[in-house]
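Student: Mind having a look at this structure? Questions to follow.
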Amino acid sequence: MEKIKAGIFDIEGLENVKIEIKEMMGEKIPEEEWAPMGPTPMPKIADLREWDRVLLKRYPPFYAPQCDVCALCTMGKCDLTGNKRGACGLSLEAMQGRIVLLACLVGASAHAAHGRHMLHDIEHMKGDLSKIPIDFGTEINVEAPLTRLITGIKPKTVADLKEVFTYIEENIVQLGDALHTGQEGSALDFESKAYQMGMLDSLGKEAADIAQMAAFNFPVGPGRPLLDVGMGTLDTNKAVIFVIGHNAPPATNICDYVIDHNLEDEVDIGGACCTAIDSSRYSTIVKLACSLGRQLRVIRAGLADCIVVDEQCIRADLLYQAQKVGTPVIFANDKKMHDMEIRDGDDPGEIVKDLVSGNVPGVVLLDPLNVGEVAVKVAQQMKPIRRKKGWTLSDEEFKKQVEACTNCGNCTVACPNGIRIGDAHKLAAEGDISLLASQFDICIGCGRCEQVCPQNIPIISTMIKAAWPLIQAEKGKIRQARGPIFDTEIRNVGAPLVLGTIPGIIAPIGCGNYPNGTKDVYTIAKEFGDRGYIVCLTGCMLIDTGLYRDEEGKTLFETHPDVFDRGGIINIGSCVSNAHIHDAAIKVANIFAQRNIRGNYEEIADYILNRVGACGVAWGAMSQKAASIATGFNRLGVPAVVGPHGVKYRRAFMGRKDREEDWYVYDARNGEKVYVGPVPEHSIIAAETIEECLPLMAKLCMRAADTPAGRSIKLTHYMDLNKKYLGAYPDDWTVFVRGETDLPMAKKAEFMQMLESDHGWKIDWKAKKILEGPTVKYDPSFDPTNLARLIRHKKE
Ligand code: SF4
Ligand code: SF4
Ligand code: SF4
């Protein structure tokens, strides 16, 4: 056939021909026109302020100052109690907003800097970034939803992420400037800036995870293999390398070295926190030894023959602790060097000799390609030396230490969880170690008790000794992380999520600063997974969830499907991977509802707030990153619950269900203002106990757009969880009832009776209808929005 040339021609008569149009009328379709640009590409500080005001009006900040003085400049310290203002004019309220912004700045910087650092590492390890495509297979066409939403960019290669990080970095600096004395003076504008910072944090996480997935070929999607998790999985018959932190490239180099030299039978690699999760995406030889809370215990138990640290959530006294048990340390990131020498240019043999001989306790190796060989050889050579010593207390030493305890209580006062170590030591001195052993899981491994003990008792070590059989038995399973949610999965769950018949997405995220041990995180995942919510786990809560098994010896990753669908319990990945949970919500708006996401943050956040029943939980929230993560979720319309230690962030965003005027939205069809009730009631709130947390999360999955079937299911879980964990139905349940069809099906008569007798509602028992009572009406074509500009036809 004659070749068709560019220009105008008649295509009549062609049959069964696939035509790909690249050029029209001699002009190329510009690639950047993949979707129309929304109103706020690369938003600056003020661009989303109106959306923030919508949120802050409904969820005003509630401050719980830890300290009522400010000493951030030399005019201070300033007493801010009562109505006093600082020498610069700052109020106590604004000062709290300022501290929140500062925490979010630190958190967002950690994620964004990690991402940028990784781009440098990847370029060094893999070469030209523009040759690394961002392509996660045919099941994912919307591969960077947050990036598309916030920046308007559709990245094609890892090189395109440079522009994303440039945007983030400039904004972080602008927001950091607002912290300077004499800049922002309004608490609400500090919070708007914190929202902006949280959004940047989300974006930085997505870009970081996409970069590592693309560069290191991390597998994507369901059906991942099971991996070992727990301290007991570390095999001390081998040389043990313990990797800690949040930057996988050095750990990938260790995996490569072990595999390339066939050393799997001689060397064991275990990790803590996100480096463990991310490097196990690279290679399944990596074991997930522990979350943040067990980091010190792995070290002090002497399990590691070589420790490799990179960045974030690593103990600042790591070198000192490692020296106590004779473990050399490799610092593999310039953010953490602990006064050790940079040895990248040196002969690896010399470095190994210096570390193994104890000539130096640690070295800095900034080139990830230098880490593998040194770490493996150090671990191999340290193994025989360290095994001879044994690092847990001997029976005699243990007895001596517990007998030295005077039960003075200093440790209990210093302990964040108030653990009564003195009582446990007293019992142990009498020969009963059970209490001390049981305290091991409640302990978060902070080490504060040891600092205050007048008897200098190595409390961490006495606890390890007592709990040693439990530690050895700590062998769980989790699935390898699966990263982003498939577009096809979103197509399947989009409707039931928006209608409410899948009651919600539950996102346990973040650190291990739990109030009462690791079992609570398992309870959260199991309770919601069993109830048909979609449970998406990341970070330390993910690792700890895998520690528990049912009566048949199965973990939740074996009993629940590995799919983003009803009842699925899935491993999304590390802390940076939790961006994929934002992404899932964004993709519901994009794929299911066909909303344009490009540069269109406000509309999509509004969609999610009104329709996608998702709730985050950071039961052990500890770091500044947890603050920025939660604030990023909140701006996108996703509420979060933190554990009791979370009150130390000093700020909650709590709605007031008694203020009816706060709960009106527009009907986008005609601009009518409609009361929707307090859904979701709070944006971020701390729960005191796990019993309080579970029903609260179910409550925060309710949305304005819930259909009666969906609301009935959500209300059933809310009522049921209250009854199960708090012993009674909640006293606010009636505010979520819009009509008899919202009532839990199985107990409709009982609840109608309660509405009539306890709340004075009028019931037509013959027709089984509510005649008078509820103030909200459900209309199936109701189209809720908080944004006046989305109203299609104003009612005359
Ligand atoms: S920043 Fe303001 S409130 Fe803080 S110490 Fe300085 S003058 Fe006082
Ligand atoms: S501080 Fe030391 S001596 Fe006092 S109760 Fe605790 S372990 Fe015992
Ligand atoms: S290390 Fe454990 S027992 Fe000691 S203060 Fe911290 S949480 Fe409490």
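The values are calculated or read from the model by the stated rules, or taken from the named source; none is laboratory data. If you're wondering where the values come from, they're calculated on a predicted model, not measured in any experiment. Counting neighbours? That spans all protein chains shown, and the Cβs are built from the backbone with ideal geometry, glycine included.
Student: May I ask you to list pairs of residues, at least six apart or on different chains, whose Cβ atoms are under 6 Å apart, with the first in the stretch 441-469 being under 12 Å from residue 402 (Cβ atoms) and the second being more than 8 Å from ligand 2 (Cβ to nearest atom) and not in a helix (DSSP H, G or I)?
Tutor: Close Cβ pairs satisfying both conditions: 461/393; 465/392; 465/393; 466/433.
Student: Could I ask something else about it? Within the stretch 433-447, identify whether any single residue is within 7 Å of ligand 3 (Cβ to nearest atom), over 19 Å from residue 398 (Cβ atoms) and outside any loop (DSSP other than H, G, I, E, B), and answer yes or no.
Tutor: Among the residues of the stretch 433-447, not one is within 7 Å of ligand 3 (Cβ to nearest atom), over 19 Å from residue 398 (Cβ atoms) and outside any loop (DSSP other than H, G, I, E, B), which makes the answer no.
Student: Here is a further query. Select, from 76, 86, the only residue that is buried (at least 16 other Cβ atoms within 10 Å of the Cβ), closer than 30 Å to residue 648 by Cα, more than 16 Å from ligand 3 (Cβ to nearest atom) and modelled with pLDDT under 95.
Tutor: Selected residue: 76, the only one of 76, 86 that is buried (at least 16 other Cβ atoms within 10 Å of the Cβ), closer than 30 Å to residue 648 by Cα, more than 16 Å from ligand 3 (Cβ to nearest atom) and modelled with pLDDT under 95.
Student: Scan (1) among the hydroxyl-bearing types (Ser, Thr, Tyr); (2) free of Cβ contacts under 8 Å to residues at least 12 places away in the same chain; (3) buried (at least 19 other Cβ atoms within 10 Å of the Cβ) for the single condition residue 147 breaks and write down its number.
Tutor: (2)
Student: What are the pairs with Cβ atoms under 8 angstrom where one residue, in the stretch 600-615, is on the phi < 0 side of the Ramachandran plot and the other, located anywhere, is assigned to a helix (DSSP H, G or I) and among the polar types (S, T, N, Q)? Sequence gap at least six, or different chains.
Tutor: Within 8 Å, the pairs are 604/590.
Student: Restricting the search to the stretch 744-768, which residues are among the acidic types (Asp, Glu) and under 26 Å from residue 503 (Cβ atoms)?
Tutor: Once the filter is applied, which keeps residues that are among the acidic types (Asp, Glu) and under 26 Å from residue 503 (Cβ atoms), the stretch 744-768 yields 750, 758.
Student: Now, a different point. Does residue 114 satisfy the criteria of being closer than 27 Å to residue 310 by Cβ, surrounded by fewer than 19 Cβ atoms within 10 Å (Cβ to Cβ) and not β-branched (Val, Ile, Thr)?
Tutor: No, not satisfied.
Student: Condition check: within 16 Å of ligand 1 (Cβ to nearest atom), part of a helix (DSSP H, G or I) and among the basic types (Lys, Arg). Does residue 85 satisfy that?
Tutor: no
Student: If you don't mind, there's one more thing I want to ask. Looking at (1) within 14 Å of ligand 1 (Cβ to nearest atom); (2) buried (at least 16 other Cβ atoms within 10 Å of the Cβ), which is the one condition that is false for residue 65?
Tutor: The single condition residue 65 does not satisfy is (2).
Student: Looking at (1) over 22 Å from residue 720 (Cα atoms); (2) buried (at least 18 other Cβ atoms within 10 Å of the Cβ), which is the only condition residue 752 fails?
Tutor: (1)
Student: What number of residues in the stretch 120-141 are among the acidic types (Asp, Glu), in contact (Cβ under 8 Å) with a residue 12 or more places away in the chain and buried (at least 16 other Cβ atoms within 10 Å of the Cβ)?
Tutor: Number satisfying all stated conditions: 1.
Student: Continuing with the same structure: Exactly one of (1) within 18 Å of residue 294 (Cβ to Cβ); (2) modelled with pLDDT of 95 or more; (3) in contact with a Lys or Arg (Cβ under 9 Å, 6 or more places away or on another chain) is unmet by residue 391. Its number?
Tutor: (2)
Student: Conditions: (1) farther than 17 Å from residue 301 by Cα; (2) more than 14 Å from ligand 3 (Cβ to nearest atom). Residue 471 meets all but one. Number of the miss?
Tutor: So the condition that residue 471 fails would be (1).
Student: Only one of these conditions is not met by residue 304: (1) touching a helix residue (DSSP H, G or I) at 6+ places or on another chain (Cβ under 7 Å); (2) small (Gly, Ala, Ser); (3) outside any loop (DSSP other than H, G, I, E, B). Which number is it?
Tutor: (3)
Student: Tell me, please, whether a residue that is assigned to a strand (DSSP E or B) and either at pLDDT 95 or above or over 25 Å from residue 502 (Cα atoms) (or both) can be found in the stretch 721-730.
Tutor: Scanning the stretch 721-730, I find no residue that is assigned to a strand (DSSP E or B) and either at pLDDT 95 or above or over 25 Å from residue 502 (Cα atoms) (or both), so the answer is no.
Student: Next up: Output the number of the condition that residue 761 fails; it satisfies all remaining conditions of (1) under 34 Å from the mean Cα position of the chain (by Cα); (2) of a type in the set (A, V, I, L, M, F, W, C); (3) surrounded by 16 or more Cβ atoms within 10 Å (Cβ to Cβ).
Tutor: Failed condition: (1).
Student: Is the stretch 461-478 home to any residue that is surrounded by fewer than 23 Cβ atoms within 10 Å (Cβ to Cβ), basic (Lys, Arg) and part of a strand (DSSP E or B)?
Tutor: Scanning the stretch 461-478 turns up at least one residue that is surrounded by fewer than 23 Cβ atoms within 10 Å (Cβ to Cβ), basic (Lys, Arg) and part of a strand (DSSP E or B).
Student: Can you tell me which residues in the stretch 744-785 are in contact with a Leu (Cβ under 7 Å, 6 or more places away or on another chain) and in a loop (DSSP other than H, G, I, E, B)?
Tutor: 744, 761, 773
Student: Considering only residues that are in contact with a strand residue (DSSP E or B) (Cβ under 9 Å, 6 or more places away or on another chain), at pLDDT 95 or above and not hydrophobic (A, V, I, L, M, F, W, C), which ones fall in the stretch 636-659?
Tutor: The answer is 637, 639, 655.
One line per residue, one yes/no per condition, for (1) within 15 Å of residue 414 (Cβ to Cβ); (2) within 28 Å of the chain's Cα centre (by Cα); (3) among the charged types (D, E, K, R); (4) within 16 Å of ligand 1 (Cβ to nearest atom):
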{"residue": "432", "(1), (2), (3), (4)": "no, no, yes, no"}
{"residue": "435", "(1), (2), (3), (4)": "no, no, no, no"}
{"residue": "447", "(1), (2), (3), (4)": "yes, yes, no, no"}
{"residue": "450", "(1), (2), (3), (4)": "yes, no, yes, no"}
{"residue": "456", "(1), (2), (3), (4)": "yes, no, no, no"}
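Student: Can you find a residue in the stretch 46-55 that is exposed (fewer than 15 other Cβ atoms within 10 Å of the Cβ), away from ligand 2 (no atom under 16 Å from the Cβ) and not in a helix (DSSP H, G or I)?
Tutor: Scanning the stretch 46-55 turns up at least one residue that is exposed (fewer than 15 other Cβ atoms within 10 Å of the Cβ), away from ligand 2 (no atom under 16 Å from the Cβ) and not in a helix (DSSP H, G or I).
Student: Would you mention how many residues in the stretch 642-678 are within 17 Å of the chain's Cα centre (by Cα), β-branched (Val, Ile, Thr) and either within 26 Å of residue 708 (Cβ to Cβ) or in a loop (DSSP other than H, G, I, E, B) (or both)?
Tutor: 0
Student: Considering only residues of the stretch 568-622 that are among the charged types (D, E, K, R) and assigned to a helix (DSSP H, G or I), which is surrounded by the most Cβ atoms within 10 Å (Cβ to Cβ)?
Tutor: This residue is 583.
Student: Just one of 431, 445 is surrounded by 18 or more Cβ atoms within 10 Å (Cβ to Cβ) and away from ligand 2 (no atom under 14 Å from the Cβ); which is it?
Tutor: 445 is the lone residue from the list that is surrounded by 18 or more Cβ atoms within 10 Å (Cβ to Cβ) and away from ligand 2 (no atom under 14 Å from the Cβ).
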